[in-house]
There are 2 protein chains.
Amino acid sequence: MSQASTKTTHRPRIAVFDSGVGGLTVLRAIAGQVPDADYLYFGDTARLPYGTKSRETVARYAIEAALFLQDLGIDMLVIGCNTATALALYDIKGAVDVPVIGVIDPGADRAAEISRSREAVVFATEATISSHAYQRALARRGFATHEKACPLLVPLVEEGWIEHPVTEQVARIYMIEALRVASMNTDVLVLGCTHYPLIRPLLRRVVPQKIAIVDSAESTAQVVAKELGVAPGAQPNALPSYRFFVTDSTEKFRRMAPLFLGFPVDGVEHVDLGG
Amino acid sequence: MSQASTKTTHRPRIAVFDSGVGGLTVLRAIAGQVPDADYLYFGDTARLPYGTKSRETVARYAIEAALFLQDLGIDMLVIGCNTATALALYDIKGAVDVPVIGVIDPGADRAAEISRSREAVVFATEATISSHAYQRALARRGFATHEKACPLLVPLVEEGWIEHPVTEQVARIYMIEALRVASMNTDVLVLGCTHYPLIRPLLRRVVPQKIAIVDSAESTAQVVAKELGVAPGAQPNALPSYRFFVTDSTEKFRRMAPLFLGFPVDGVEHVDLGG
């Protein structure tokens, strides 16, 4: 077996990187598909948000984190952050020796699998929308895309208003605004932000039934499983292990994490990567 | 007239500093009280939000901006930013030679003028609440204070939902949550965030009538006018002039500014203060 392959003879060590807590939904999805693995999660919480920073700065930050994770002996690095994927995926790939998977292409691939009309709407943060990364990824797959910035959804999720009438009303307004501009034939909505899987059940009630919802976290997890040669539905006896690293307060991360991950975390480790 | 006095024989040059656009409500309030002045506004938009950063970092950023403004020949510096006031007012005062006015003490003074019960609620961002700067400022004036973090109000204002049913619903929820914990005798609500004056009419509908609303921007403007010896209601023929400096995209600032300022801006100047 060549060095380049990701299939390991040992239990795989998979790192997930994000600027904050959102990537925990990606971690959760991957661990659901590949439970027989050791997970390292890195949240660059002292330097978030990445969305307001330049490409060069985001690439530098992400590479620092990627090298830190590589030194811990990982088999694969997942960029569980739409902004870092949009701005710095190729820089990160160039900086480390392990396979690197971003969240944008898996989401776009999944959209291409299920769409008939090739007309999509993307919900994401203002930063991700401004990068047009989803629009480009979907255009390469033959899509016409309407991109809709949804700046209130992240703060609503972080407030914990997951099943809240206000969140439903806001999501409905965004959906109506998007459909006023998007093609009538739109048959897929791509969730281009790692916070949004948490409100997927709520979105399902708001989004017209003929529009399928693609969750990038879930799609990324499927790509990771395939890359590692894990069969869908394979459920080994082993349970995943987790280590968490953050660059800012471990306390705040510990408080927010269960919302995204579905279980409480302890032993969050603080890392200082400098300014 | 001594150097220390702020009363100038020339038309005063007043600088207002903030991490972003919120301080524009402070600028607007001051220009309303002191129209016969030249205004410089500095938004450190490349390095926001300050709320997630350490005291040392916020102080360093704010001092860099303060020195930049001082070099342009100002008579007074207003820190139109609750986080910078809470964390770095005394550092900034120590670094420049002109009078420096923050937004917290004027709001607390105004609350002390109008409250009978000395029981207050403060609405602010999570960062300002965590600093307990308002609680301390109000405690020095004999108040018992309930501090309520309102993380959704800034994104709602920045979305432009100033008179929107969702914003009203969110404000009502925050008010109910605050009053469930605060003293029954609370008779003043201090708006401890420079974004909130924009939704003051909406808040007035949501907040019980017996509770007066103190707007820090307005209170700060009164202090500035008094310091400059401008009589309340004095309306000279001259109009204010404005210059705007930002450290990030001038385009985004130009787009957001009218919402906060009440008129369109042009000629926004980009400044690079480094990382």
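Laboratory data are not the source of any read-out in this text; all were calculated from the coordinates shown. Keep in mind the model is a prediction, meaning the values are calculated, not measured. We place every Cβ from the backbone using ideal geometry, glycine too, and count neighbours over all the protein chains shown.
Working note: Cα atoms of the protein assembly as shown, range along each principal axis, descending, whole Å: 85, 43, 43. Segment B:Glu251..B:Asp109, full-extension length gain: 47.4 nm, with 0.36 nm per residue of separation and the alpha-carbon distance subtracted. Near B:Tyr242, the amide H atoms lying under 5 Å from its own belong to B:Tyr39; only residues 5 or more places off or on other chains count, and H is placed 1.01 Å from N. Phi-derived couplings, Karplus 6.51 cos²θ - 1.76 cosθ + 1.60 at θ = phi - 60°, listed residue by residue for the range A:86-101: 5, 9, 9, 4, 6, 4, 5, 4, x, 9, 10, 9, 9, x, 10, 10 Hz, with x used for Gly and Pro. Summary for A:Ser183: label point 7 Å along Cα→Cβ; distances to the equivalent points in the other copies, ascending, 6.3 nm. Check the straight Cα-Cα distances from A:Lys210 and name the lysines below 26 Å, setting aside those fewer than 8 residues away within the same chain. Here the lysines satisfying the reach criterion relative to A:Lys210 are A:Lys148. Panel values: chain A, Kirkwood radius from alpha carbon pairs, Stokes-Einstein at 20 °C and 1.002 mPa s, translational diffusion coefficient 114 µm²/s.
Centroid-to-centroid, using Cα positions, the range B:153-227 and the range B:108-123 are 13 Å apart.
Placing dummy labels 7 Å off each Cα toward the beta-carbon, the span from A:Glu126 to B:Asp272 is 2.4 nm. Axis angle, to the nearest 10 degrees, between helix B:24-33 and the longest C-alpha principal axis of chain B: 80 degrees. Across the range A:1-104 the C-alpha pair distances fall into 5 Å bins from zero in the proportions 2, 14, 26, 26, 18, 9, 4, 1, 0 percent.
When all alpha carbon pairs of the range A:46-138 are counted in 10 Å bins from zero, the resulting P(r) reads 16, 45, 29, 10, 1 %.
With contributions of -39500 (n - 2.57) from each DSSP H run of at least four residues, the per-residue ellipticity at 222 nm computed over the protein assembly as shown stands at -13000 deg cm²/dmol. Here the Gaussian network model covers chain B, with springs between Cα atoms less than 10 Å apart; of B:His195, B:His146, B:His164, B:His164 fluctuates the most. Comparing mean-square fluctuations of B:Thr167, B:Thr25, B:Thr220 from a GNM of chain B with C-alpha springs under 10 Å, the top value falls on B:Thr167.
Backbone amide hydrogens, once placed in the peptide plane, bring B:Ala212 within less than 5 Å of B:Val188, B:Leu189, excluding anything fewer than 5 places away on its chain.
For the range A:48-54, backbone phi angles converted through the Karplus equation (6.51, -1.76, 1.60; θ = phi - 60°) give residue-by-residue couplings of 6, x, 6, x, 9, 9, 6 Hz, Gly and Pro being listed as x. Beta-bridge orientation, chain B: approximately 0 percent antiparallel, per DSSP, counting only bridges with both partners inside.
Rounded to the nearest 20 debye, the dipole magnitude of the range A:104-216 is 440 debye, with +1 charges on Lys and Arg beta carbons, -1 on Asp and Glu beta carbons, and the Cα centre as origin. Each of B:Asp97 and A:Asp97 was given a label point 7 Å from its Cα along the Cα-to-Cβ line. The distance between the two points is 5.9 nm. Can you list the copy-to-copy distances for A:Thr57, using a point 7 angstrom from Cα toward Cβ, in nanometres, shortest first? Inter-copy label distances (nm, one decimal, shortest first): 1.0.
Working note: Karplus 6.51/-1.76/1.60 with θ = phi - 60° gives the range A:107-116 the couplings x, 5, 4, 5, 4, 5, 5, 9, 7, 9 Hz, where Gly and Pro are set to x. Tilt of helix B:216-227 relative to the longest C-alpha principal axis of chain B, in degrees (0 to 90, nearest 10)? For helix B:216-227, the angle is close to 40 degrees. Taking the longest Cα principal axis of chain B as reference, the axis of helix B:55-71 is set at about 40 degrees. Note on the range B:184-256: Kirkwood hydrodynamic radius from all Cα pairs is 15.5 Å, rounded to one decimal. Shown here are the Rg and Dmax of the Cα trace of the range A:104-216, at 12.8, 37 Å.
When the Gaussian network model of chain A links Cα atoms closer than 10 Å, the mean-square fluctuations of A:Arg255, A:Arg172, A:Arg200 top out at A:Arg255.
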